[in-house]
Each structure stands twice: as C-alpha cells, then as structure tokens.
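Everything on this sheet refers to the single structure shown next.
The values are calculated or read from the model by the stated rules, or taken from the named source; none is laboratory data. In this text, all values refer to a predicted model and were calculated from it rather than measured experimentally. Don't worry about glycine lacking a Cβ; one is built from the backbone with ideal geometry, like all the others, and counts go over all protein chains shown. Just the protein is used for accessible areas: all its heavy atoms, side chains included, with ligands, DNA and RNA removed. Shrake-Rupley method; radii C 1.70, N 1.55, O 1.52, S 1.80 Å.
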Amino acid sequence: GRTGGAAAVVDGQLYVVGGTTGSTLQTTLFRYDPAQDTWTAPGDLPGLPVARDRLAAVEAGGRLVVVGGSIAPPGHGSTRVDMYDPATSAWRLATPLPVGRSAAAVVSLHDRLYVLGGALPGATLTATGQTHVYASVLEPTVMVTQAGAAATYGAVTPLTLTYGTAGGARAETVTAAP
C-alpha cells in the first residue's frame, strides 16, 4: 500500500498525490469523482514533477497546491511547491517555501495559504512550531512564528497568529490537520 501521500478536494473532485510504495517515492496523481463513483488512473493524469512523500495538499484558486515533503530519504523538508490546474491538466512550479517542510499541515483561509508545523530540512525529523503565510500561492509574504507553539509534525493544534502586513497587524486563529 501507499503511505505519506496527500489529498485535497478541487471542484468536487478528490485528488490524491505522491507518497511512498514500499521504499519508492511516487509521482502519481489519482482523481476520484464521487458523482460518478469512478477513479481516474494515474496514466491518464500527469504525475508530480518531482516524486515525494510526507507532502501536504490544499485547494487554492481552483488548483491543487502541493507543498513541501521529503524528496529523497532520509532528506526531509523540501521547499518545493507545485500547482496542478485541472482545467489544463498541467503542473506549474510555484514560489518555494522560505523554509523546507515535510509532514506539515496546509490550509487555505481568507485568500491566504498557511503552512503549519511539520519537520525541518535534514536527515532526521526535527519538528517546528513555525508557520508560513502566503498572500497568494505564488508570492510568499511573511513568516510567522507562534510564540510558545509546540513543535509538532503530523498534527497541529489551534493557534493564534499575529503578523504584520502593509495594512497593519492582523491576528487569526487557525486549526489544521495534516
């Protein structure tokens, strides 16, 4: 079976991407259509440009956004961000994360993308309490470190983020699960 993949819903379709089968990193992309109760085979969809596991996925702007992950064991914490556009059935490389992550949680909230927790780059899983916030998936704007945030990977507890923007300070409470 496959482990370490990511899933997200885009336009009512479930996408499952990446992961590991045995010790082999996967690029495969699957799509499930619940209305038709059918899966689209990986051969009919373009795979990830770079195989990885422990990645995170979310819908943003009608696209599947795939964040971070582990590219080559035992290397954790990739900075890579890829976007899949179902309308064109093509992948596009987006702006990389400022700090690599694997096993992070990612959510889209109020036109922002939040990458929470996860493991930092390196040969061992070193958890972090850092959160990165993007104004768009193409342009990172600010990094936030939650004071006193528990360094975790695989789970994120609710936290209040306070950060500066051009419009002044903002605070938001975010809860996510990988």
Rounded to the nearest 0.05, FRET efficiency between residue 2 and residue 88 (Cβ-Cβ, R0 22 Å) equals 0.25
Protection proxy ranking of 24-31, 53-60 - average other beta-carbon atoms within 10 Å, highest first: 53-60, 24-31
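What shape does the range 1-122 have by the C-alpha gyration tensor, where a ≥ b ≥ c are the square roots of the eigenvalues, rounded means a/c under 1.5, and otherwise prolate means a/b greater than b/c and oblate the rest?
Details: a/c = 1.83, a/b = 1.24, b/c = 1.48.
Oblate, since a/c reaches 1.5 and b/c is not below a/b.
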Can you tell me how the range 77-124 classifies by the Cα gyration tensor, rounded, prolate or oblate, using a/c under 1.5 as the rounded cut? oblate
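Residue 52: net charge of surrounding residues, Cβ under 12 Å, Lys/Arg +1, Asp/Glu -1, itself excluded?
Taking every other residue near residue 52 into account, the sum is +1.
Averaged per residue, what accessible surface does the range 43-108 expose to a 1.4 Å probe, in Å²? Provide the component values of the computation, followed by the final result.
On the way: 2390 Å² over 66 residues.
Averaged over the residues of the range 43-108, the accessible area is 36 Å².
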Residue 10 neighbourhood, Cβ < 12 Å, K/R = +1, D/E = -1, net charge -2
Taking square-rooted eigenvalues a ≥ b ≥ c of the alpha carbon gyration tensor, is the range 50-92 rounded, prolate or oblate, where a/c under 1.5 means rounded and, failing that, a/b exceeding b/c means prolate? prolate
